[in-house]
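Just below is one structure, and these are the notes that go with it.
Nothing in this text is a laboratory measurement; each read-out follows from the coordinates by a stated rule. Predicted model, so just to flag it, every value in this text is computed and none were measured. As a convention, Cβ positions derive from the backbone with ideal geometry for all residues, glycine included, and neighbour counts pool all protein chains shown.
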Amino acid sequence: MKNYNSPLSERYPSRKMKYLFSPEMKFKTWRKLWIALAEAEKELGLDITQEQIDELKASADNINYDVAKEREAIVRHDVMSHVYAYGVQCPKAKGIIHLGATSCYVGDNTDLIIMTEGLRLIREKLINIISQLSGFADKYKALPSLGFTHFQPAQPTTVGKRATLWIQDLLMDLEDVEHLLGTLKLLGSKGTTGTQASFLELFDGDREKVKKLDVLIAEKMGYSSCYAVSGQTYSRKVDSRVLNVLSGIAQSAHKFSNDIRLLQHLKEVEEPFEKNQIGSSAMAYKRNPMRSERIAALANYVMSDAMNPALTAATQWFERTLDDSANKRISMSEGFLAVDGILELYLNVASGLVVYPKVIEARLMSELPFMATENILMDAVKAGGDRQELHEKIREHSMAAGKRVKEEGLDNDLLDRIAGDPAFNMTKEQLTGLMKPENFVGCAPAQTSEFLQQMVTPVLDANKEVLGITAEINV
């Protein structure tokens, strides 16, 4: 209680994502990389025995953290402290741990592995959110709703069609994540300035073995290849690419959360609200959209966080500088943790949206007479009216009806005004018969069905094995 705890470790992300960025995940991955290096070097002819490798494997998961911590206090170097600690556990293999490598061999390769796993977890959550929203869109594809542009009443749409806009953004994010997963590589074993000089020395000048070393390490760690060239580190453009994709997800989630917050204000659609949940410490009746608000808050953080790796990538000097280290440790981990928290909230909200059709209908009907004026005009002209004269009368009646609504707080009486005007030659019953919301939503129901069938169903069918995730909300 007396030390700072980051909300991104205590409050928002899932346990899985927090584990990926835990010390244990990092240090266990270091040991896997040291084993992969030793195995590859042995296969390429270096004097390393199977007994040494077996010894390394036997202690791979049993990390003596106390020894590493004590050593780091003396040498002030985290990698060499863990090399030392591993050697204490593996006296036979002590001399071949980290052979020919530099710190970035474990540090950078581990970062790439963790980011890969983080993107896989994010991919699964995106697919599950898309699944939840697609069910919502299909259920309400034909429910007419007032559309808005500039948050002003506009042509009607449907509740389901609006949801397809959220889904389409997520599909673009999914494409970006999958592209990243398909192109991320390992750093491999490039040495202190990327020249692989130490490995060329180890293999007595045999360039083919040096090249093969990268291939073997990549295969052993589950990758198809390593980056062809590097300085001491992999290009920090990789981090910038990754966080830009995370920022894109944050943008999509923020847009969704804004829409839900506005709809909840209108009392048309609400985020889930639990039986014993308190909306306000003072106003007991309130049902604040706190989950959507939290999505927006975390999304703002991620979008601004995307500047960090961009600045780092832009300011690296030659083969590397260490000014990336402190920034990278914070910005990359927190970008993933925050997006994970966003997606947990997004999944929770998307799976429990509450719709109020009567409120939606009432708001739409209050505005529909204005939107029906074009149809009224056409029918009146067909009945023998003068188009220009009728257009002016509709304008006048619309202004008067709008003034009545806004200045007097009364109902929209536009239909009564038109019915009472002999120029239109239309009864109130005729006019009311035109007020069918489904006649004003255009292709929205069909668009929704086609979009779900053509764009969403193939994605869900191809990823059935990851469906069924439930959200993990801590607060």
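The listed peptides 115-121, 403-409, 241-247, ordered by packing as a protection proxy, come out as 241-247, 115-121, 403-409 (highest mean of other Cβ atoms within 10 Å first). Scoring 104-114, 373-383 by mean Cβ neighbours within 10 Å over their residues and listing the highest first yields 104-114, 373-383.
Here His397, His391, His82 are placed in order of increasing Cβ neighbour count within 10 Å, fewest first, which gives His391, His397, His82. Listed by chain and number, the lysines whose C-alpha is less than 16 Å from the C-alpha of Lys94, apart from same-chain residues fewer than 8 away, are Lys32, Lys42, Lys57.
Each of Thr192, Thr448 has some number of other Cβ atoms within 10 Å of its Cβ, and from fewest to most they run Thr192, Thr448. Look at the alpha carbon pairs under 8 Å that are at least 6 residues apart: their mean separation over the length of the stretch 373-434 gives a relative contact order of 31 percent.
Report relative contact order for the chain in percent, whole number only (criteria: Cα-Cα under 8 Å, sequence separation at least 6). Let's see the in-between values first.
Details: 608 pairs, mean separation 94.9, N = 475.
That works out to 20 percent.
Determine the distance separating the Cα centre of the stretch 140-216 from the Cα centre of the stretch 336-362; give it in Å without decimals. Each part reduced to its Cα centre gives a spacing of 24 Å.
Quick one: Glu24, Glu43, fewest Cβ neighbours within 10 Å first, how do they rank? Before the final figure, lay out the partial values.
Details: Glu24 11, Glu43 14.
With the fewest neighbours first, Glu24, Glu43 line up as Glu24, Glu43.
I need the peptides 311-322, 257-268, 290-301 ranked by packing, meaning the mean over residues of other C-beta atoms within 10 angstrom, with the highest value on top.
On the way: 311-322: 13.8, 257-268: 18.3, 290-301: 20.8.
By packing density, highest mean first, the sequence is 290-301, 257-268, 311-322.
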